[in-house]
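Only one structure is covered here, and it is reproduced in the block below.
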Amino acid sequence: MTPGSVPKIIQAYKAAVTRRIRKDGCPDFEWQPRNFDPIIRNKKTLERHRRYILENPNKWTNAHRAIITNTPTKHRTHAPPCVGP
C-alpha cells in the first residue's frame, strides 16, 4: 500500500480505534470479519447507503437484536458489545 493512500489511512484509523477501545475496557474488541469499507463516490451511492442504514434494522433477526441489547438467547453467535463504566 502506498503511504497516504485511502486503504493506508483506513488501516491506521482502525488500528488507533482498536487500541483506544481495548485500553478503555473492551480487551476482546475486534472489527467485524469479512467486512469492507466502501468509498462513496457519488450522490446515488450515498443515497443507497443511507437507505440501507435506515431500512436494514427492519430485517434483523431476534438473534441480532439479542446481541445489540445484550439479551440472552440460544441463537447467540457473537459476544455482546462491551459496555463502559
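The values are calculated or read from the model by the stated rules, or taken from the named source; none is laboratory data. Since this is a predicted model, take the numbers as computed values, not measurements. Side chains included, ligands, DNA and RNA excluded: accessible areas come from the protein's heavy atoms. Shrake-Rupley method; radii C 1.70, N 1.55, O 1.52, S 1.80 Å.
Summary table below
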| item | result |
| --- | --- |
| Residue that is modelled with the lowest pLDDT, among those in the range 25-84 that are outside any helix (DSSP H, G or I) and of a type in the set (Lys, Arg) | Arg76 |
| Residues of the range 1-24 satisfying the condition of being assigned to a loop (DSSP other than H, G, I, E, B) and open to solvent by 100 Å² or more (accessible area, probe 1.4 Å) | Met1, Pro3 |
